[in-house]
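The values are calculated or read from the model by the stated rules, or taken from the named source; none is laboratory data. Everything quoted here is computed from the prediction, not taken from an experiment. With ideal geometry, Cβ positions are generated from the backbone for all residues, glycine too; neighbour counts draw on all protein chains shown.
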Amino acid sequence: MKKLNDFNELALGSRLKRLSDQMFSDVDKLYKANGVELSSRCFSSLILLNSNGAMGITELAQELGQTHSAVSQLSKTMLKAEVIDHSKDPKDERRRLLHITNAGKQLLKNSKPLMDDIEMALHEVILETQDNFMVALRSLEQNLSQQSLQQRVQARAQKRQQNSVEIIDYEPRYRDEFKHLNIEWLEKYFYVEEVDNHVLSDPESNILNPGGYIFFARLNDDIVGTSALIKKDENTYELSKMSVTGNHQGLGIGRKLAQRAIDHFATLGADKLYLETNKRLTPAIQLYESLGFEHAQQDFSSPYQRSDVYMVYRDRQA
């Protein structure tokens, strides 16, 4: 049967919790044996209050790395034991300040020999591990404060999803998704124009048969994005119908779709690739600029009322 220790990093939180509980239990027994009934979990707060003077619960919670509710519960225990007292903040009467009492100071003074023994015993056991555990712990705490475990896991999940996205060519079975994705995008930012409805309702006749191409982004078994190359004449194509479903944005899917269209355009022997967009779509414009599109003067009348930005692709390797 596998044990908790067999799961290494995956069980780190549970193992640290188990180690913490064991240490608190041992220290509680030591305190009780020396006539101290106060929970050892209160001593970190007492030490901070003794060193720093009066502190608010929020401030104390931040220093301890604990929740506000946990420190509030500890404060009730310490108030009952009369080792701390509380008063209103003279600068803000809504805020309560905690401060150590004379009884609390005396408790720390009386407990110092025991605390010194505990500190030395812990130092000894850390040395026995032959690792600089405290340095590693401090580094772990610092790194997690800069980027939390939640943020790190989310970033890895996003990267995994990005790597799972595949760009595929048009398949008739995804015909409805092509229209649905574009309608979703149009209704979010603008409205569906007549030219949109005409093209999206019959992509085969309006895009594919005249020599254009449609691409899909597929994540697992779901179609989550699309783009198209629309042939205008023998030497000109339009990058169009770029859309990524809302709950999958932020995964770099738009970039993958645009890049696939650009790469395919490069194989066609055509001279010009352009797109039309709207100045409100700042992230999209920045994406196009990063891919090699440059702003240009449009020399024809756009079929789209929403279009007010015209960009032409410049091959940076040409």
How many of the residues making up the stretch 269-297 are surrounded by 15 or more Cβ atoms within 10 Å (Cβ to Cβ) and more than 15 Å from residue 227 (Cβ to Cβ)?
4
Among the residues of the stretch 142-165, are any assigned by TED's automatic domain parsing to the domain that holds residue 278 and at pLDDT 85 or above?
yes
Members of the stretch 76-112 found to be touching a helix residue (DSSP H, G or I) at 6+ places or on another chain (Cβ under 7 Å) and of a type in the set (Val, Ile, Thr), listed by number
77, 83, 84, 100
Please verify whether residue 78 is at pLDDT 85 or above and out of contact with any Gly (no Cβ under 6 Å at 6 or more places or on another chain), treating the condition exactly as stated.
yes
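Just to check your reading of the model, which residue among 139, 164, 148 is within 30 Å of residue 30 (Cβ to Cβ) and among the small types (Gly, Ala, Ser)?
Criteria check complete, one pass: 139.
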Name the single residue, out of those in the stretch 16-36 being of a type in the set (A, V, I, L, M) and exposed (fewer than 13 other Cβ atoms within 10 Å of the Cβ), that is modelled with the highest pLDDT.
33
Quick test of your reading of the structure: residue 94 fulfils all but one of (1) at pLDDT below 85; (2) part of a helix (DSSP H, G or I); (3) over 27 Å from residue 22 (Cβ atoms). Name the failing condition by number.
(2)
Please tell me if residue 221 is surrounded by fewer than 19 Cβ atoms within 10 Å (Cβ to Cβ) and either farther than 23 Å from residue 291 by Cα or of a type in the set (Phe, Trp, Tyr) (or both).
yes
Taking residue 88 as the residue in question, decide whether it is over 32 Å from the mean Cα position of the chain (by Cα) and part of a helix (DSSP H, G or I).
no
Could you check, for the stretch 56-68, whether at least one of its residues is among the polar types (S, T, N, Q), surrounded by 15 or more Cβ atoms within 10 Å (Cβ to Cβ) and either within 30 Å of residue 146 (Cα to Cα) or under 34 Å from the mean Cα position of the chain (by Cα) (or both)?
yes
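Table: residues versus (1) touching a helix residue (DSSP H, G or I) at 6+ places or on another chain (Cβ under 9 Å); (2) more than 20 Å from residue 234 (Cα to Cα); (3) of a type in the set (Val, Ile, Thr).
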| position | (1), (2), (3) |
| --- | --- |
| 269 | no, no, no |
| 278 | yes, yes, no |
| 283 | yes, yes, no |
| 286 | no, yes, no |
| 292 | yes, yes, no |
| 296 | no, yes, no |
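When you scan the stretch 106-122, do you find a residue that is of a type in the set (A, V, I, L, M, F, W, C), over 23 Å from residue 142 (Cα atoms) and at pLDDT 90 or above, even just one?
Looking through the stretch 106-122, at least one residue is of a type in the set (A, V, I, L, M, F, W, C), over 23 Å from residue 142 (Cα atoms) and at pLDDT 90 or above.
Within the stretch 24-58, take every residue that is touching a residue at least 60 places away in the same chain (Cβ under 8 Å) and in a helix (DSSP H, G or I) and give me the one that is farthest from residue 73 (Cα to Cα).
Per the stated criteria, the residue is 30.
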Please enumerate the residues belonging to the stretch 207-221 that are touching a residue at least 12 places away in the same chain (Cβ under 8 Å) and either in contact with a Leu (Cβ under 8 Å, 6 or more places away or on another chain) or farther than 16 Å from residue 267 by Cα (or both).
207, 208, 210, 212, 213, 214, 215, 216, 217, 218, 219, 220
Just to be sure I understand the filter: pairs with C-beta atoms under 6 Å, separated by 6 or more residues or on different chains, first member in the stretch 130-142 and closer than 18 Å to residue 65 by Cβ and free of Cβ contacts under 8 Å to residues at least 24 places away in the same chain, second member part of a helix (DSSP H, G or I) and of a type in the set (A, V, I, L, M). Which pairs pass?
133/126
Among the numbered conditions (1) closer than 15 Å to residue 182 by Cα; (2) buried (at least 18 other Cβ atoms within 10 Å of the Cβ), tell me where residue 306 comes up short.
(2)
